[in-house]
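All remarks here apply to the structure that follows.
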Amino acid sequence: MGKISDQNESRPKLGFKWNVPNILTLLRIALVPVFLIVFLAHPHDQVWRFWATVVFAVAILTDLFDGKIARKYNLITNFGKIWDSIADKALTGVGFIVLSIVGELPWWMTVIILLREWGITAMRFVILKYGVMAANRGGKLKTVIQSVALIMFLIWLPALGAWWCAPKWIAMWIAFLLTVYTGAEYIFEAARLRKAALKAGHPVDISTVEQEPFIKRIFKGNK
């Protein structure tokens, strides 16, 4: 089996470039402490919760726009591939934490989600010498479902009672299960990336690595 060269030129570069997608990513990161402060200022005041939800929603919308702009105008960078995901995890992670702080979400669920999120982020940095692993479709869907579930919790509409409670918990459970599933999928994806890079003798683009659905690989392995 091949070996990846330790020379600097063989490693993917994560240098920052001033373009709209990267600026939107930085804006999303900057809005994280703003959201945290607004939410915790008066967590049981419906007006403050509304504005905290607005800040969260605006921040998460930047994720939609930075991706579209980057793809449309060919502004995709290695910095964006890595830090876009970190910005998402910082924002949603704080969302889960503050909901657990005020007792609206169990800590065990938040801890499992955070371990998955930051564990995968750490893994991305560890395997950089094999190539950059950007968010895949499952990961992007996970972020969307997490965001919807968090907004449903953050907006806080106690007057609606069970009419609002049931849908928001359904959304949260879907987000939780999808988070765990995609975490396992990323681990398999990282293993494929490493294998392909070792075979090639240099870092590779994950998009060039033959991929197979995670569930399909599980059933294939059980045959």
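If the condition is being free of Cβ contacts under 8 Å to residues at least 24 places away in the same chain and either acidic (Asp, Glu) or more than 23 Å from Ile76 (Cβ to Cβ) (or both), then the range 35-64 contributes Ile37, Val38, Ala41, His42, Asp45, Val47, Trp48, Trp51, Val54. Checked against (1) outside any helix (DSSP H, G or I); (2) closer than 29 Å to Ala197 by Cα, Leu105 passes all but a single condition, namely (2).
One line per residue, one yes/no per condition, for (1) touching a helix residue (DSSP H, G or I) at 6+ places or on another chain (Cβ under 7 Å); (2) of a type in the set (Val, Ile, Thr); (3) open to solvent by less than 10 Å² (accessible area, probe 1.4 Å):
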site: Asp63; (1), (2), (3): yes, no, no
site: Lys68; (1), (2), (3): no, no, no
site: Lys72; (1), (2), (3): no, no, no
site: Phe79; (1), (2), (3): yes, no, no
site: Ala90; (1), (2), (3): yes, no, no
site: Phe96; (1), (2), (3): yes, no, yes
site: Leu114; (1), (2), (3): yes, no, no
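Considering only residues that are modelled with pLDDT under 75 and open to solvent by 30 Å² or more (accessible area, probe 1.4 Å), look in the range 195-210 and name the one that is farthest from Gly131 (Cα to Cα). Here the residue is Glu210.
Would you confirm, using the coordinates I've provided, whether Arg192 is at pLDDT below 85, under 30 Å from Val111 (Cβ atoms), part of a helix (DSSP H, G or I) and of a type outside the set (Gly, Ala, Ser)? No.
Of everything in the range 168-185 that is aromatic (Phe, Trp, Tyr) and either in contact with a Gly (Cβ under 7 Å, 6 or more places away or on another chain) or free of Cβ contacts under 8 Å to residues at least 60 places away in the same chain (or both), the residue that is nearest to Met152 (Cα to Cα) is Trp169.
The values are calculated or read from the model by the stated rules, or taken from the named source; none is laboratory data. Since the model is a prediction, treat every value here as computed from it, not as a measurement. Reconstructed Cβ throughout: ideal geometry from the backbone, glycine too, with neighbour counts over all protein chains shown. Surface areas here come from the heavy atoms of the whole protein model, side chains and all, with no ligands, DNA or RNA. Shrake-Rupley method; radii C 1.70, N 1.55, O 1.52, S 1.80 Å.
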